[in-house]
Amino acid sequence: MRSLFEIDTKDYDINGTTVSRPSARGIIIKDGKLAMIHSTKYDYYKFPGGGIEKNEQKENALIREVLEETGLDVIPQTIKEYGMVHRIQKGDYEDVFIQDNYYYLCDVEDNVHEQKLDDYEKEEKFTLEYVSPKQVIDANKACKNKEADQIMLERECKVIGILTQEGYI
C-alpha cells in the first residue's frame, strides 16, 4: 500500500517502551459527501475505522470497524487500497506509540444497523453523518478541545486534502 504521509512528533524516548496499534479506516463517498463519524460531544469528524486485532486481516478489520462505528455493511468486493499514514509519537501510557493507519475506498449497503460503540465512543457521542469535505476540515480545524486527539484531526484533514487533489471528492 502506498504511503500518503508520516506524522512524527519526535516527542518520545526511542529507547523506551513501544506499543504498535495498526488501524483500518473506510473512505465511503456518496453523492460527493463522505461518511464520517461525528463526535457530537467535541464536534470533530473522523473516518470510520479502528484497531486491527492480532491475526486479523486488514480488510476484515475494516468491515468490522465500519459496521461497529456506523452500522453500515461494507461490500467486500468494492474494497480498494487507498493509502497508509504512519504515525509515531509519545503515548499516553508508553514511551512510543506507533500507528499505521490503512485507508480503503469502499462502498456500503443502503441499510443501516445499530451502532456497537465502545464506552469511549459512546461518551464522545459518535454518530454517522454524510458531510462535505469542507465541513469536516472546518470542524476539525476549529476543534481545540484538549480531550480531542489533535494529531488524528490533522491526519483526517490531510487525507481529505489528498482525496480532493486526486479527484475522488
Worksheet item: Any idea what Rg and Dmax come out to for the range 62-123 if you just take the C-alpha atoms, in Å?
Response: 14.7, 43
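Where in the chain are the helices, taken as whole DSSP H runs, whose Cα atoms extend 18 angstrom or more along the long axis and whose Kyte-Doolittle mean reaches at least -0.5?
Span-like helices here: 150-165.
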Item to complete: State the percentage of accessible surface on the range 53-169 attributable to carbon and sulfur atoms; use a 1.4 Å probe and exclude ligands, DNA and RNA.
Response: 47 percent
Fill in: Label zone at Ile162, where the point sits 7 Å out along the Cα-to-Cβ direction: the range 61-100 residues whose backbone N lies under 18 Å
62, 79-89, 98-100
Worksheet entry | CD proxy at 222 nm, helix term only [per DSSP H run n ≥ 4: -39500 (n - 2.57); per residue of the chain; nearest 500] | -8000 deg cm²/dmol
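Go ahead and run the numbers for FRET between Lys41 and Asp110, Cβ-Cβ distance against an R0 of 35 Å, rounding to 0.05.
Details: r = 28 Å, r/R0 = 0.80.
The calculated FRET efficiency here is 0.80.
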Worksheet entry | For the chain, built as a Gaussian network whose Cα springs stay under 10 Å, the top-fluctuating residue of Ile52, Ile151, Ile37 | Ile151
Worksheet, complete the sentence: In the range 1-139, lysine pairs 8 or more places apart or on different chains with C-alpha atoms under 22 Å apart total 26
Item to complete: Can you work out the accessible area per residue across the chain, with the rest of the protein chains kept in place, probe 1.4 Å, in square angstrom?
Response: 53 Å²
Worksheet entry | Full-extension gain in nm, Ile75 to Val131, via 0.36 nm per residue minus C-alpha separation | 18.1 nm
Worksheet entry | Kirkwood hydrodynamic radius of the chain, Cα pairs, Å | 16.3 Å
Discussion item. Taking every DSSP beta bridge with both residues inside the chain, roughly what % is antiparallel (nearest 5)?
Written reply: 65 percent
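What dipole magnitude, in Debye to the nearest 20, does the range 1-121 give about its Cα centre under +1 on Lys/Arg Cβ and -1 on Asp/Glu Cβ? Before the final figure, lay out each step's value.
Values: 15 positive and 25 negative charges, 76 e Å.
Rounded to the nearest 20 debye, it is 360 debye.
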Discussion item. Placing +1 on the Cβ of each Lys and Arg and -1 on the Cβ of each Asp and Glu in the chain, which of Tyr45, Gln89, Phe5 has its Cα farthest towards the positive end of the resulting dipole?
Written reply: Phe5
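Which length gain, in nm to one decimal place, applies between Phe5 and Asp119 when the Cα-Cα distance is subtracted from 0.36 nm times their residue separation?
Details: separation 114, 0.36 × 114 = 41.04 nm, distance 3.04 nm.
Gain on extension, Phe5 to Asp119, equals 38.0 nm.
Taking the convex hull of the alpha carbon atoms in the range 80-169, what volume per residue do you get, in Å³?
Details: hull volume 12.3 nm³, N = 90.
Per-residue hull volume (Cα only) is 137 Å³.
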Worksheet, complete the sentence: Most fluctuating of Ile137, Ile79, Ile14 in the GNM of the chain (C-alpha, under 10 Å) is Ile14
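The values are calculated or read from the model by the stated rules, or taken from the named source; none is laboratory data. Since this is a predicted model, take the numbers as computed values, not measurements. Every residue, glycine among them, receives a Cβ derived from its backbone with ideal geometry; neighbour counts consider all protein chains shown. Side chains included, ligands, DNA and RNA excluded: accessible areas come from the protein's heavy atoms. Shrake-Rupley method; radii C 1.70, N 1.55, O 1.52, S 1.80 Å.
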